[in-house]
Amino acid sequence: MNGAQAVIRTLVAGGVDVCFANPGTSEMHFVAALDDVPEMRAVLTLFEGVATGAADGYARMAGRPAATLLHLGPGLGNGVANLHNASRAGVPLVDVVGDHALAHKRLDAPLESDIDAIAGAVSGWVRRSLATAAVGEDAADAVAAAQVAPGQVATLVLPADVSWSDGAEVAEVPDRRPAALVPPAALDEVAGVLGESTVLFLAGDAVTEEGLLAAAQVAAGTGARLIASTFPTRMARGAGVPDVPRLSYPPQAAMQELAGTEHLVLVGAKEPVAFFAYPDLPGRLAPVGCAVHALSRPDEDGVAALRELAERVAPDAVPAVAALRRPPLPTGALTPATMAAVVGALLPEGAIVVDEALTSGTHLHAATAGAPRHDWLTLTGGAIGAGLPLATGAAVACPDRPVVSLQADGSAMYTVQALWTQAREQLDVTTVICDNGAYAILEGELQNVGARSGGERAGRLLDLGSPDLDFVALATGMGVPATRATSAEELAEQFAAALAEPGPHLIDAVLRPAD
């Protein structure tokens, strides 16, 4: 058995049976070995950032890692942005990166690079496999490392000759260790500060359905407020689930939402800070003098901690949950508000919503709060270009659930190649492009940071016109049926039709500014 065969067989034996790939010469023995291990599903992507983002989306929904197959340092570099997002999301991911044969590296070939350094920036675990006899154990250790709670990127660097040489063996992956339990002292501390001036700040497993119900029970019994992180990895939403607001992205709004908080309790979350520095604004968002407490760290069992806390402080309290309600189908101009209303009115039960709508998505939370039960995936990590790949991976993980991808136009162009993979794999993804013809989020940031320009030259770096992007042509050119909507009625008709037909679809929703 050669090294590549042993790696793939070890991955499959460890529960990693999907690989999102963009291979090159150094990975050809891995590619050939796929014919020997039919249990491994290989999904071709046309850009490495699609592979890494799809593996992130897969892990968020499957609860276990997928693998990626990338080509040398430049291929890894192309995938780094979405590996950053996966790292920040705390998901398990096995990143296999091919490298030159060991004897070839000293020749400094044109594609030679410091793969370990590139990988180290976004990985919690990195290992270079140096011997074919040990490569199975290396792969097993990668799977185990990826699943260290809450999850992390584990990068295995695989030299070509380690892959092609014989003498490898399949290794057994150890059982996944459960997340650590919260120490009693943390529960005692938090139980003593609960009240109307306390906020439970929720992320990670605390925004699963079980976590939200337990947190809402605590809130119902103590008067504490609940706020979720701005960009949660995977959040349960809809009828029957507590409707918990997410902390706003603009720091001014976030500081207003946290105003009056005397005790901020972190549950699976880090302390909230502004994404960027702004003149005359603090980086920390909690009020001055607010005490910060940690009920559970991201690597601890937040759900168990919330349940125990609820039993201790509010055993008879009934958590408030969202009632089933939908907005009426809107008519007239297609704006961010009417776009959100269409989604809320028609969102199917069990949907997976991937939200990279950015500035066009401000109305989505309210419009979908009472929709049938669904899951919400966001841009955890903040590196744009995650939406289309996340939707691709989620659809591979959950082929029985509809995926709705709400995608800003500018960030769609970072990884638009994901549409081709959706078409090839016939994934049930309905993409709505929020087409406002601009990097609208940067228009706001230009003002927020005090860069007082607004002239023509600055404006050309923020608008997407001249020429306009034709998302219908882009999608159909990659095999995805596509339509264009310019009114609320057209969007409702096209969205309903796309949801009713299996396979990928794209709707270019041409948005007008709100009045």
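Okay, residues lined up against (1) of a type in the set (A, V, I, L, M); (2) modelled with pLDDT of 95 or more; (3) under 30 Å from Ala397 (Cα atoms); (4) surrounded by 16 or more Cβ atoms within 10 Å (Cβ to Cβ):
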| residue | (1), (2), (3), (4) |
| --- | --- |
| Thr421 | no, yes, yes, yes |
| Arg424 | no, yes, yes, no |
| Val429 | yes, yes, yes, yes |
| Ile441 | yes, no, no, yes |
| Arg452 | no, no, no, no |
| Leu461 | yes, no, no, no |
| Gly477 | no, yes, yes, no |
| Thr483 | no, yes, yes, yes |
| Arg512 | no, no, no, no |
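Considering (1) of a type in the set (Val, Ile, Thr); (2) part of a strand (DSSP E or B); (3) more than 20 Å from Pro389 (Cβ to Cβ), the lone condition that Val12 does not fulfil carries the number (2).
This table checks each residue for (1) assigned to a helix (DSSP H, G or I); (2) of a type in the set (A, V, I, L, M); (3) farther than 22 Å from Val31 by Cβ; (4) in the same structural domain as Ala391 (by TED's automatic domain parsing).
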{"position": "Leu70", "(1), (2), (3), (4)": "no, yes, no, no"}
{"position": "Asn78", "(1), (2), (3), (4)": "yes, no, no, no"}
{"position": "Asn85", "(1), (2), (3), (4)": "yes, no, yes, no"}
{"position": "Arg88", "(1), (2), (3), (4)": "yes, no, yes, no"}
{"position": "Val122", "(1), (2), (3), (4)": "no, yes, yes, no"}
{"position": "Arg127", "(1), (2), (3), (4)": "no, no, no, no"}
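Of the set (1) more than 16 Å from the chain's Cα centre (by Cα); (2) among the β-branched types (Val, Ile, Thr); (3) closer than 22 Å to Val162 by Cα, all apply to Thr45 but (3). Taking the listed residues Val182, Val153, the one that is touching a residue at least 60 places away in the same chain (Cβ under 8 Å) and under 26 Å from Pro23 (Cα atoms) is Val153, with no other qualifying. Is there a residue being free of Cβ contacts under 8 Å to residues at least 24 places away in the same chain and in the same structural domain as Asp141 (by TED's automatic domain parsing) anywhere in region 47-59? The answer is no; no qualifying residue exists.
If you go through region 359-376 and pick out every residue that is touching a residue at least 60 places away in the same chain (Cβ under 8 Å) and either acidic (Asp, Glu) or in contact with a strand residue (DSSP E or B) (Cβ under 9 Å, 6 or more places away or on another chain) (or both), you end up with 11.
Within region 47-54, does at least one residue satisfy the condition of being at positive phi and surrounded by 21 or more Cβ atoms within 10 Å (Cβ to Cβ)? No: region 47-54 contains no residue that is at positive phi and surrounded by 21 or more Cβ atoms within 10 Å (Cβ to Cβ).
Can we say Val162 is surrounded by 22 or more Cβ atoms within 10 Å (Cβ to Cβ), touching a residue at least 24 places away in the same chain (Cβ under 8 Å) and within 21 Å of Met61 (Cβ to Cβ)? Taking the combined requirement at face value, the residue does not satisfy it. Among the numbered conditions (1) touching a Leu at 6+ places or on another chain (Cβ under 8 Å); (2) modelled with pLDDT under 95, the only one that Gly53 does not meet is (2). Taking (1) surrounded by 21 or more Cβ atoms within 10 Å (Cβ to Cβ); (2) out of contact with any His (no Cβ under 7 Å at 6 or more places or on another chain) in turn, Arg237 satisfies each apart from (2).
Please indicate, with yes or no, whether at least one residue in region 247-269 is in contact (Cβ under 8 Å) with a residue 24 or more places away in the chain, within 25 Å of Pro92 (Cα to Cα) and surrounded by fewer than 18 Cβ atoms within 10 Å (Cβ to Cβ). Within region 247-269, not a single residue is in contact (Cβ under 8 Å) with a residue 24 or more places away in the chain, within 25 Å of Pro92 (Cα to Cα) and surrounded by fewer than 18 Cβ atoms within 10 Å (Cβ to Cβ). Summed over region 316-337, the residues that are surrounded by fewer than 17 Cβ atoms within 10 Å (Cβ to Cβ), farther than 24 Å from Ala236 by Cβ and in contact (Cβ under 8 Å) with a residue 60 or more places away in the chain give a count of 3.
The values are calculated or read from the model by the stated rules, or taken from the named source; none is laboratory data. Treat the numbers as computed from the prediction; the structure is a model and nothing was measured. All Cβ positions, glycine included, derive from the backbone under ideal geometry; neighbour counts span all protein chains shown.
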